[in-house]
1. Please determine whether any residue of region 52-74 is assigned to a helix (DSSP H, G or I), modelled with pLDDT of 95 or more and either loosely packed, with under 15 Cβ neighbours inside 10 Å or charged (D, E, K, R) (or both).
2. Has region 82-99 got any residue that is assigned to a loop (DSSP other than H, G, I, E, B), at pLDDT 95 or above and open to solvent by 50 Å² or more (accessible area, probe 1.4 Å)?
3. For region 9-50, what are the residues that are open to solvent by less than 80 Å² (accessible area, probe 1.4 Å) and among the acidic types (Asp, Glu)?
Amino acid sequence: MRSKQVVLPEDIFKCTTCGDCCKGYGGTYVTKEDIVAISKYIKTDPDSFVSKYCTISCNKPVLKQGTNKYCIFWDRICTIHPVKPRMCRQWPFIKSIIADVDNWYVMGGLCPGIHTDVPPADVLECVARELSKKS
């Protein structure tokens, strides 16, 4: 009996650096750790960072968007890539996929890097494994 082949993240997602994940869709929440790391990277203090680069949504800081609806740190590339927020680092291996695997296929309609020809069980297994590494 052959053992099942493990589906790797690169089997179901390959970033095309298109920036579509940096546009709209509710904003990017930033944690305290994100704020400290990004502040240090762009050489500002955390309080100034929040007041200048964030809006507050549901009592949480969210990165502002430019007039083009992209994250303010998107300029054809992520200008804070080495310290990008946890939410960005996890994309597209996010909890909402575990809640409903159909979210993967919806996201695939927005993100050209998401492979939608993958069976749901393989998507769930891979996303769960990736999330367990990042917690």
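1. Taking every residue of region 52-74 in turn, at least one turns out to be assigned to a helix (DSSP H, G or I), modelled with pLDDT of 95 or more and either loosely packed, with under 15 Cβ neighbours inside 10 Å or charged (D, E, K, R) (or both).
2. Looking through region 82-99, none of the residues is assigned to a loop (DSSP other than H, G, I, E, B), at pLDDT 95 or above and open to solvent by 50 Å² or more (accessible area, probe 1.4 Å).
3. 11, 20, 34, 45
The values are calculated or read from the model by the stated rules, or taken from the named source; none is laboratory data. Note that this is a predicted model, so its numbers are computed, not measured. Neighbour counts are summed over all protein chains in view; Cβ atoms, including those assigned to glycine, are modelled from backbone coordinates with ideal geometry. To get the accessible areas, we keep the full protein, side chains included, count just its heavy atoms, and leave off ligands, DNA and RNA. Shrake-Rupley method; radii C 1.70, N 1.55, O 1.52, S 1.80 Å.
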